[in-house]
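Colleague: The structure is given below, and queries will be raised subsequently.
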Amino acid sequence: MELNELIKDCSRRQKKGLHFILTSILIWGLILVVFLTDLNINQKNIVTFCCSAILLPAAWMLSKFLHIDFEGKGNPLTKAGLLFSINQMLYILIAMWAFAAVPEKMLMVYAMIFGAHLMPFSWLYDSKSYLVFSIVIPILALVVGMLYPPSVLAALMVVIEAVFAYCLFMECKAIDK
């Protein structure tokens, strides 16, 4: 298969990773709840890291419900998607540094990392939505994170992820036509 055909196949069979973005709405919702509690900032930050642990199992369950090919077997670009995701794990070290150095800004750094890691998926899925949100999320996270409490940033991320999911859903509908 030619590269463009592999990208189209990946986009179609994996529905542009919609199951992961829908799961991120849940994760950011949980993070919002955490930041609305009376826990101290260090406890909130630790629980925030823990919230991400549900990503793979929840995305897998959602993929079954939405009939999305979770593994993408047969398409070599699936390995690139895995590398793009694992790459984020290295950047989480920056959030861990923020946890220790400036704990009140850790969520801001976390959101910026999350948003920026989306950019390679714009190529993998031939998606303008991934490109736009990979730029918008880090910039908004920086601005909102500097000006407002982390709970406001978490709420904003829930809204952004919902809009992002809708945009991806529309891109997927266009592929199906």
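Colleague: Could you say whether any residue in the stretch 86-103 is closer than 15 Å to residue 20 by Cα, open to solvent by less than 80 Å² (accessible area, probe 1.4 Å), in contact with a helix residue (DSSP H, G or I) (Cβ under 8 Å, 6 or more places away or on another chain) and in a loop (DSSP other than H, G, I, E, B)?
Modeller: Within the stretch 86-103, none of the residues are closer than 15 Å to residue 20 by Cα, open to solvent by less than 80 Å² (accessible area, probe 1.4 Å), in contact with a helix residue (DSSP H, G or I) (Cβ under 8 Å, 6 or more places away or on another chain) and in a loop (DSSP other than H, G, I, E, B).
Colleague: Could you tell me how many of the residues in the stretch 47-67 are β-branched (Val, Ile, Thr) and surrounded by 16 or more Cβ atoms within 10 Å (Cβ to Cβ)?
Modeller: Residues meeting the conditions: 2.
Colleague: If a residue has to be touching a residue at least 40 places away in the same chain (Cβ under 8 Å) and either outside any helix (DSSP H, G or I) or charged (D, E, K, R) (or both) to count, how many in the stretch 14-49 make the cut?
Modeller: Final tally of qualifying residues: 5.
Colleague: Moving on to the next point. Could you check the stretch 142-177 and list, in sequence order, the residues that are among the acidic types (Asp, Glu) and under 15 Å from residue 113 (Cα atoms)?
Modeller: Answer for the stretch 142-177, where residues must be among the acidic types (Asp, Glu) and under 15 Å from residue 113 (Cα atoms): just 161.
Colleague: Among the numbered criteria (1) of a type outside the set (Asp, Glu); (2) under 17 Å from the mean Cα position of the chain (by Cα); (3) within 16 Å of residue 161 (Cβ to Cβ), which single criterion is violated by residue 33?
Modeller: Failed condition: (2).
Colleague: Another question about this same structure. With the requirement that a residue be open to solvent by less than 20 Å² (accessible area, probe 1.4 Å) and either farther than 19 Å from residue 154 by Cα or part of a loop (DSSP other than H, G, I, E, B) (or both), what does the stretch 123-142 give you?
Modeller: Listed by number, the residues that qualify are 124, 125, 127, 129, 130.
Colleague: Take the conditions under 27 Å from residue 170 (Cα atoms), of a type outside the set (S, T, N, Q), without any contact (Cβ under 8 Å) to a residue 24 or more places away in the chain and open to solvent by less than 50 Å² (accessible area, probe 1.4 Å) and apply them to residue 77. Does it pass?
Modeller: no
Colleague: Would a scan of the stretch 152-165 turn up a residue that is farther than 24 Å from residue 37 by Cβ and open to solvent by 20 Å² or more (accessible area, probe 1.4 Å)?
Modeller: Yes.
Colleague: Let me ask you something else. Please state which one of 83, 26, 6 is closer than 22 Å to residue 131 by Cβ, open to solvent by 50 Å² or more (accessible area, probe 1.4 Å) and among the aliphatic types (A, V, I, L, M).
Modeller: Residue meeting the stated conditions: 83.
Colleague: Further, regarding this structure: Any residue at all in the stretch 48-58 that's in contact with a His (Cβ under 6 Å, 6 or more places away or on another chain) and under 26 Å from residue 167 (Cα atoms)?
Modeller: The answer is no; no qualifying residue exists.
The values are calculated or read from the model by the stated rules, or taken from the named source; none is laboratory data. Note that the coordinates shown come from a computational prediction; the quantities given were computed from them, not determined experimentally. Note: ideal-geometry Cβ built from the backbone for every residue, glycine included; neighbour counts use all protein chains shown. We work out accessible area using only protein heavy atoms, side chains counted, and drop any ligands, DNA or RNA first. Shrake-Rupley method; radii C 1.70, N 1.55, O 1.52, S 1.80 Å.
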